[in-house]
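The structure appears right after this line, and notes come after that.
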Amino acid sequence: MNKLRVGMVGCGAIAVQKHLPALMKLSDKVEVVAFCDGNEQNTLKIAEKFNKNARLYTDYQEMVKDNDIDVIHICTPNVFHAPMAVAALDAGKHVMCEKPMAINSKEAKKMLEASKRSGKKLTIAYQNRFRKDSLLLKETCENGELGEIYVAKAHAVRRRGVPTWGVFMNKELQGGGPLIDIGTHALDLTLWCMDNYEVASVTGVTYNKLKNQNQANPFGTWDPETFNVEESVFAFIKMKNGATIYLEAAWALNTLDEREAMTTLSGTNGGAEMRRNKVTNTNELVFNGEMYGNLVETKLQDAAGIAYISPNEEKEEDREIGQWINAILEDKDPVVTPEQAYTVTRILEAIYESAETGKTIEFHELSIH
């Protein structure tokens with residue numbers, strides 16, 4: 001079997017910590033042959049660690065012309081996702097792009113159209129779908145064990161966890177704060193489990209009230225003068241079938257209920273809730289319902305896995321990258337389709353628009369599966 005040849009655009013932390021280690025484990029199927037970054041020193045460092053013979057680029061437009069590349073992974077600030085993905089797709093490359101799909105729906109639609117136009121595969125890196133608890137919850141939903149899911153909550157809340165490195169707080173490069181950073185994961189997970197992408201309306205509010213309370217942040221203090229994105233967001237999403245989703249996303253919020261990339265689902269036959277056990281420091285998946293006239297709960301223990309027992313345990317990024325490569329080799333849809341990611345981006349954009357205008361945003365024309 002000929003190996004897929006992969007090029008990496010963006011040589012920062014997400015490439016080094018997630019994409020490349022997972023790709024290295026698939027050495028029988030893929031080979032990373034090129035690196036691209038605006039900072040030449042970054043490409044030199046990453047090549048030294050992962051492939052000293054890789055070709056190095058500082059211009060992605062030159063990289064996409066490389067006929068020796070089959071697949072491109074994009075790990076850059078959000079504003080660059082769409083132009084890079086469109087260029088790569090039009091050049092005949094399959095593309096995995098880090099989340100979110102793009103900074104707005106117009107840019108995301110360009111990516112979707114480029115994928116259809118080129119016939120090449122496009123996926124967005126929502127790795128939380130591949131956690132053990134997420135996979136079990138999805139299977140439960142597909143089997144109909146929760147019944148009709150008509151109420152859901154998407155959780156992405158940190159008590160203090162403002163990312164003070166990189167460009168996370170740069171609105172021009174990222175498009176927003178915790179909503180587009182971590183809220184996007186919780187929303188994607190919720191919509192995927194519900195298998196419901198038919199949006200009726202979106203109402204949202206944003207806050208930036210704690211910009212001067214920066215001393216207890218584990219990632220270090222930030223400059224209040226440069227904190228120009230929201231610190232927290234809350235939204236109400238109504239679906240066309242009447243189902244509702246409450247979304248909460250915060251880098252800083254005075255609360256003890258911290259949950260990130262988690263969902264709560266309530267159905268006609270039962271419910272399920274992802275939560276964090278602070279005592280055991282593990283994720284929990286708890287199902288609830290009734291049995292013989294009594295209310296019951298069933299808890300999945302150690303839903304996130306126990307890494308210290310098996311240091312070589314397969315991680316969610318391994319499952320994510322593995323299914324992506326197999327989707328290309330076997331010519332099938334990836335688990336995260338561009339249509340699904342486009343809907344997520346449209347909702348994020350609508351939340352920001354609603355927060356800015358104070359109005360509910362109606363989705364008359366959105367109908368994508």
Kindly check whether there is at least one residue in the range 201-215 that is among the small types (Gly, Ala, Ser), touching a residue at least 60 places away in the same chain (Cβ under 8 Å) and surrounded by 21 or more Cβ atoms within 10 Å (Cβ to Cβ).
-> yes
Kindly provide the set of residues from the range 239-279 that are small (Gly, Ala, Ser), closer than 15 Å to LEU146 by Cβ and either outside any loop (DSSP other than H, G, I, E, B) or in contact with a Ser or Thr (Cβ under 6 Å, 6 or more places away or on another chain) (or both), ordered by number.
-> SER266, GLY267, GLY271, ALA272
Of all residues in the range 10-63, how many are over 24 Å from the mean Cα position of the chain (by Cα), within 18 Å of VAL95 (Cβ to Cβ) and part of a loop (DSSP other than H, G, I, E, B)?
-> 2
Is it fair to say THR76 is out of contact with any Ser or Thr (no Cβ under 9 Å at 6 or more places or on another chain) and either farther than 17 Å from VAL344 by Cβ or assigned to a helix (DSSP H, G or I) (or both)?
-> yes
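Residues are listed down the side, and each one gets a yes or a no for (1) aliphatic (A, V, I, L, M); (2) more than 25 Å from MET169 (Cα to Cα); (3) surrounded by 24 or more Cβ atoms within 10 Å (Cβ to Cβ); (4) modelled with pLDDT of 95 or more:
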{"site": "MET24", "(1), (2), (3), (4)": "yes, yes, no, yes"}
{"site": "ASP70", "(1), (2), (3), (4)": "no, yes, no, yes"}
{"site": "PHE80", "(1), (2), (3), (4)": "no, no, no, yes"}
{"site": "ALA85", "(1), (2), (3), (4)": "yes, no, yes, yes"}
{"site": "ALA91", "(1), (2), (3), (4)": "yes, yes, no, yes"}
Considering residues that are touching a Lys or Arg at 6+ places or on another chain (Cβ under 8 Å) and either within 30 Å of LEU179 (Cβ to Cβ) or among the polar types (S, T, N, Q) (or both), the number found within the range 33-63 is 0
Which residue pairs have Cβ atoms closer than 8 Å, lie 6 or more positions apart in sequence or on different chains, and pair a first residue in the range 282-293 that is modelled with pLDDT of 90 or more with a second residue that is among the hydroxyl-bearing types (Ser, Thr, Tyr)?
-> VAL286/THR298; PHE287/THR140; PHE287/THR298; ASN288/THR298
In the range 176-196, which residues are of a type in the set (Ser, Thr, Tyr) and either under 19 Å from GLY242 (Cβ atoms) or surrounded by fewer than 24 Cβ atoms within 10 Å (Cβ to Cβ) (or both)?
-> THR190
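The values are calculated or read from the model by the stated rules, or taken from the named source; none is laboratory data. This is a predicted model, so every value here is computed, not measured. All Cβ positions, even for glycine, are placed from backbone atoms using ideal geometry, and neighbour counts span all protein chains on display.
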